[in-house]
Amino acid sequence: MKSIRIRTNKRVEIIDITSKVEDILKDTNIDDGIAVIFTKHTTTALAINEYEPGLIQDLENMLEKLVPENAGYLHDRIDNNADSHLRAMLLNSFLVIPIMSKKLGLGTWQRILFLELDGPREREITISVISQNE
């Protein structure tokens, strides 16, 4: 298992981590299998989608509409980040991506996106690469 450390700069930030995962994959001898990518935080998420500026802004806007900040959540009495936790629960904390011929089996426009929902912070994402032949 390998990990990626990311330092985020904004409260809500979406970062393309595809190349970082590909770099980890290059260090393995696995031709075919799966990569399991997991974020170790309750206020972050992972997604696969296009990394296009307009779409990224649309995603941020959608999250704000679905789960607005400072909407009187009970958890806000503790540390004022209930919206971040609730947004993360609507998304994924892990992804499973096929590995084919030593490459991630992503579609043409697909990218691996890390969603920071309560930054800025230091974050860790783990990657487990499992061979089909094991």
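Some values worked out for this structure:
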{"quantity": "Count of residues meeting criterion [touching a helix residue (DSSP H, G or I) at 6+ places or on another chain (Cβ under 7 Å) and part of a helix (DSSP H, G or I)] in region 71-89", "calculated": "3"}
{"quantity": "Options Val12, Val67, Val36, Val21; residue that is aliphatic (A, V, I, L, M) and out of contact with any strand residue (DSSP E or B) (no Cβ under 9 Å at 6 or more places or on another chain)", "calculated": "Val67"}
{"quantity": "Region 101-120, residues that are crowded, with 16+ Cβ neighbours inside 10 Å and more than 21 Å from Lys26 (Cβ to Cβ)", "calculated": "Leu115, Glu116, Leu117, Asp118, Gly119"}
{"quantity": "Total residues in region 95-120, condition modelled with pLDDT of 95 or more and assigned to a loop (DSSP other than H, G, I, E, B)", "calculated": "10"}
{"quantity": "Unmet criterion (only one of (1) within 16 Å of Ile127 (Cβ to Cβ); (2) out of contact with any helix residue (DSSP H, G or I) (no Cβ under 9 Å at 6 or more places or on another chain); (3) of a type in the set (Ser, Thr, Tyr); (4) touching a residue at least 60 places away in the same chain (Cβ under 8 Å)) for Thr44", "calculated": "(2)"}
{"quantity": "Within region 18-69, considering residues that are β-branched (Val, Ile, Thr) and in a helix (DSSP H, G or I), the one farthest from Ile97 (Cα to Cα)", "calculated": "Ile56"}
{"quantity": "Subset of region 7-19 (residues that are in contact (Cβ under 8 Å) with a residue 24 or more places away in the chain and within 17 Å of Ile112 (Cα to Cα))", "calculated": "Arg7, Thr8, Val12, Glu13, Ile14, Ile15, Asp16, Ile17, Thr18"}
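The values are calculated or read from the model by the stated rules, or taken from the named source; none is laboratory data. In this text, all values refer to a predicted model and were calculated from it rather than measured experimentally. We place every Cβ from the backbone using ideal geometry, glycine too, and count neighbours over all the protein chains shown.
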